[in-house]
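Worksheet: the structure to be examined is printed underneath.
What follows draws every value from the coordinates through simple rules; no lab data is involved. Given the structure is predicted, the values throughout are model-derived calculations rather than measurements. Here the Cβ is made from the backbone with ideal geometry for all residues, glycine too, and neighbour counts use every protein chain on show.
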Amino acid sequence: DNIQMVSAADSSTVLFEAFLPVYYRFSGGSNLVTNIELSPDTPNVFKYGQDVNITFSYRQNHPGGVRIFARPFSGTAISPGYGAHGSPVYTAASGIGAGSFTLNTGPLVVDKIRIQMEAAEDGRLLFEAFLPVHLFWAGSGPPPGPDMRIDAIEVTQAIQDLNNSVDLVAGKRTYVRVHVSAPVNVADVFATLSGKRGTVSLMPTLTPGNPGGDITVRPNPNREQINDSFWFELPSSWTAAGNLTLTARLDPINAKNDLNQSNNVRTVTVNFKSTPALRLRLMNVRYTAGGSTHSADNSDLGALESWLRRAYPISHLQVTRQTYVYPFSGLPNVNTLNALLAFNKAINMIFSGESPSVVYYGIVDDGGGFMRGRAMGIPGTVASGPTGSDSWGWDFDGSYGDWYGGHEIGHTRGRYHAEFCGATGGASYPYTGGRISPSLTGNNAIYGFDIATRAIYGPNWKDVMTYCSNQWISDFTYEGIRNHQVSVSALSAAQKATADQFLVIGGTADLENHTATIDHVALIQQSASVPLPEPGSWTIALVDASNNDLAT
């Protein structure tokens with residue numbers, strides 16, 4: 001129980017002496033607990049509820065294994081108001097174990113710790129020792145914090161509900177919103193997000209993108225406010241095709257002393273689907289009207305390309321920009337322009353082997369007048385539309401050609417008008433008033449999300465295939481475009497025509513008056529293997545003098 005230090009060469013003189021209180025117990029036997037260490041160490045002072053952590057070594061030879069317990073004592077009795085660890089069954093002949101204990105009332109001194117080893121099957125005492133310590137619990141710990149909770153994990157690329165029912169596109173920029181709530185406002189709360197592919201954990205663990213990395217958790221968070229939830233941008237490597245499991249942890253170190261942490265962890269598994277790129281030839285139409293020549297600015301072209309990347313269900317937009325000189329004076333006629341673009345497309349298919357899946361879009365600056373947009377066929381591969389800086393009363397980003405082009409290119413992807421706000425000639429649309437969402441509240445409410453600006457579009461926003469203000473893309477249109485992209489890719493890969501000469505015909509049809517005009521005919525001598533365009537409802541027949549079909 002003490003160590004005496006004496007030092008002299010011949011042991012005749014005491015040069016220094018001190019007594020260091022210690023407690024070493026040396027014991028034999030087959031069942032032992034040794035090398036006991038405390039953290040924090042003794043002596044020490046603690047708040048109520050603060051743990052003392054214990055590690056120890058053991059050896060045992062009991063056939064059924066043993067349990068090992070550490071309990072605080074004050075005087076001759078176990079300390080009142082204590083909380084302590086249970087014990088696993090230790091079956092190995094020797095090893096290392098751990099535990100902890102605390103006091104929840106006081107003030108009180110723990111002056112010894114009882115270590116017991118018991119037979120696992122019946123609690124029979126196999127070893128007991130008392131370790132003298134001086135551990136003092138006094139004063140209150142932090143008060144219990146509010147019961148915070150994770151309500152939902154939303155994985156979004158443009159449009160999503162809280163059930164994650166909207167398809168996710170492999171390789172597309174992806175955000176995760178972790179929606180949380182609490183009975184009262186709780187400021188400066190942190191969270192993390194981790195990912196797994198099967199049994200493989202992905203690195204790193206993500207921290208929030210919110211300013212400062214934390215948010216105020218609120219009783220009634222507003223889903224339209226980006227910082228009422230935690231948000232994380234996923235690394236691109238996490239968005240490969242296949243299943244991804246995400247786990248969010250709210251206040252992972254329990255800095256807010258939330259006593260119910262079972263609802264602070266939530267896991268969701270989502271699936272990313274492979275989707276073909278959208279291949280676009282963006283034709284900047286140059287025309288002369290009233291003595292002035294007009295063409296779209298590069299900013300208008302960039303705005304359209306950006307909108308398609310943000311809103312469309314694609315991971316890649318393969319775009320080629322080209323200036324196209326309209327051969328007639330005045331504001332282009334949209335039908336004539338589309339016919340010319342279709343003719344140009346056919347030439348490129350023959351001479352350059354261009355895929356029939358490439359969409360040609362003519363973008364026309366409104367400096368010489370407003371040309372209303374139109375697609376050549378639904379579905380199809382040719383469309384044209386205007387651009388300019390008009391806000392239309394709601395769009396203040398400097399160019400309306402972005403969503404307008406998204407509408408016209410949507411027609412080429414098989415999307416009809418959603419017949420709201422004056423749009424006609426469409427097809428059935430599932431949501432009231434052309435909204436992007438079936439409901440305004442609850443887990444089924446669908447919100448838009450801009451992956452570039454992180455703007456959020458509420459469920460009252462309208463689908464891009466309407467004529468309404470405040471347009472974004474709905475899940476109905478989003479998944480319809482994706483399905484078209486997949487089907488066209490499979491078709492284009494399967495069908496080709498090989499010939500030494502081709503007849504290219506361009507024209508327009510007036511569906512109301514049941515008339516058609518052939519504007520261009522060209523016989524091209526060129527050996528080529530040309531992918532066939534998508535099948536449609538139109539046929540051109542070459543006939544002889546007796547009106548007999550020679551070819552179709």
Prolate/oblate/rounded call for segment 38-155, Cα gyration tensor, a/c under 1.5 rounded: oblate
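May I ask for the net charge around Gln471, where only other residues with Cβ less than 12 Å from the Cβ of Gln471 are counted and Lys, Arg are +1 while Asp, Glu are -1?
On the way: positive: Arg435, Lys462; negative: Asp395, Asp402, Asp463.
Neighbour charge sum, excluding Gln471 itself: -1.
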What list do you get for Thr320, Thr387 if you sort them by fewest beta carbons within 10 Å? Thr320, Thr387
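Place the peptides 27-36, 366-375, 56-65 in order of packing, highest mean first, counting for every residue the other Cβ atoms within 10 Å and averaging per peptide. Mind showing how you got there, number by number?
On the way: 27-36: 13.8, 366-375: 17.4, 56-65: 15.8.
Highest mean packing first, the order is 366-375, 56-65, 27-36.
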Farthest towards the positive end of the dipole of segment 278-490, among Ala455, Gly401, Tyr429 and with Cβ unit charges of +1 on Lys and Arg and -1 on Asp and Glu, lies the Cα of Tyr429
How much length is gained on full extension from Asp549 to Ser537, taking 0.36 nm per residue of separation minus their Cα-Cα distance? 2.5 nm
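Ordered by packing density, taken as the mean number of other Cβ atoms within 10 Å over each peptide's residues, highest first, how do 426-438, 287-299 rank?
On the way: 426-438: 17.4, 287-299: 15.2.
The most tightly packed comes first, giving 426-438, 287-299.
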Estimated FRET transfer efficiency (Asp397, Lys273; beta-carbon r; R0 30 Å; 0.05): 0.50
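Rank by packing, highest mean first: peptides 418-424, 118-124, with packing defined as the count of other Cβ atoms within 10 Å averaged across residues. Write down the numbers at each step before the final one.
Details: 418-424: 15.6, 118-124: 13.7.
So the order, starting with the most tightly packed, is 418-424, 118-124.
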How long is segment 346-465 along each principal axis, judged by its Cα atoms, biggest number first, in Å? 54, 31, 31
Final fewest-first order of Trp231, Trp538, Trp394 on the 10 Å Cβ neighbour count is Trp538, Trp394, Trp231
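Give the calculated FRET efficiency between Lys496 and Ile518 to the nearest 0.05, with a Förster radius of 22 Å applied to their Cβ-Cβ distance.
Details: r = 25 Å, r/R0 = 1.15.
According to the calculation, E is roughly 0.30.
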Any lysines with Cα under 19 Å of the Lys273 Cα? List them, leaving off those in the same chain fewer than 8 positions away. Lys172, Lys196
Return the long-range amide H neighbours of Ala296 (sequence gap of 5 or more, or a different chain), with a cut-off of under 5 Å between placed amide H atoms. Val285, Asp365
For the chain, what is the calculated [θ] at 222 nm in deg cm²/dmol (nearest 500), taking -39500 (n - 2.57) for each run of four or more DSSP H residues and dividing by its residue count? -4000 deg cm²/dmol
How charged is the neighbourhood of Thr239? Take every other residue with its Cβ under 9 Å from the Cβ of Thr239, and add Lys/Arg as +1 and Asp/Glu as -1. +2
Beyond 11 Å, how much of the Cα-Cα pair distribution for segment 326-366 remains, as a whole percent? 67
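Where the convex hull is taken over the Cα atoms of segment 278-490, what is its projected area averaged over directions, in nm²?
Directional mean of the projected Cα hull area for segment 278-490 stands at 11.9 nm².
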Across 20 Å bins from the origin, how do the percents of Cα pairs in the chain run, short distances first? 17, 33, 22, 15, 10, 3, 0, 0
